[in-house]
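Encoded as structure tokens, the structure appears first; notes follow it.
The values are calculated or read from the model by the stated rules, or taken from the named source; none is laboratory data. Keep in mind that what you see is a predicted model, and the values were worked out from it rather than measured. Using ideal geometry, Cβ is built from the backbone for each residue, glycine included, and neighbour counts are taken over all protein chains shown. Areas reflect the complete protein model, heavy atoms only, side chains present, ligands, DNA and RNA absent. Shrake-Rupley method; radii C 1.70, N 1.55, O 1.52, S 1.80 Å.
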Amino acid sequence: MSSSSDDVSSSNCSSRSAEKRYKGIRCRRWGKWVSEIRVPGTQERLWLGTYTTPEGAAVAHDVASYCLKGATSLHKLNFPSMLPPTARTDLSPRSVQKAASDAGMAMDAQLISSREMAPRNGGFNQEGQALSISVDDYL
């Protein structure tokens, strides 16, 4: 039995379109998404982590970019409206790394969970009856 997280990662990397859609991420050959960012004013790279989804990696990059560069980076973020309240501009690089990783992992978990809960078979159950699912069920 194949796990859905394996299905998610292999299908995400096959098109590689997310690499062009989201800033600061790339796909590994084996299907995982990674993110890193340069610390401004240095040549140091800050590793932000490995994620199952491109969105998780992109959120991690957004948090790190905002924490390191401040409000000037808002127009360059992948998801500017999704910055968590923990994103501050007075953090050390190590704290930025932790905040970014936490945000990326939370996004990964949320997306994987919602995909596992999504109806299969085109919205029909095994008996062929339409499933009754609303967005409100997930809120």
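Structure notes:
- Taking only the C-alpha atoms of the stretch 30-112, the Rg (one decimal) and the largest Cα-Cα distance, Dmax (whole number), read 11.7, 36 Å.
- Solvent-accessible surface (1.4 Å probe) assigned to residue 47 amounts to roughly 90 Å².
- Heavy atoms of residue 36 accessible to a 1.4 Å probe, total area in Å² rounded to 10: 50 Å²
- With the charge dipole of the stretch 24-98 set up from +1 on Lys and Arg Cβ and -1 on Asp and Glu Cβ about the Cα centre, the Cα lying farthest toward the positive end among the listed residues 47, 61, 31 is that of 31.
- Residue order by solvent-accessible surface for 113, 73, 101 is 113, 101, 73, largest first, with ligands and nucleic acids left out and a 1.4 Å probe.
- Pair residue 81, residue 21: separation of 7 Å Cα→Cβ label points (nm): 1.6 nm
- Of all accessible heavy-atom area on the stretch 34-115, the percent that carbon and sulfur account for (1.4 Å): 55 percent
- Net length gained if the chain between residue 29 and residue 90 were fully extended (0.36 nm per residue, minus Cα distance): 18.4 nm
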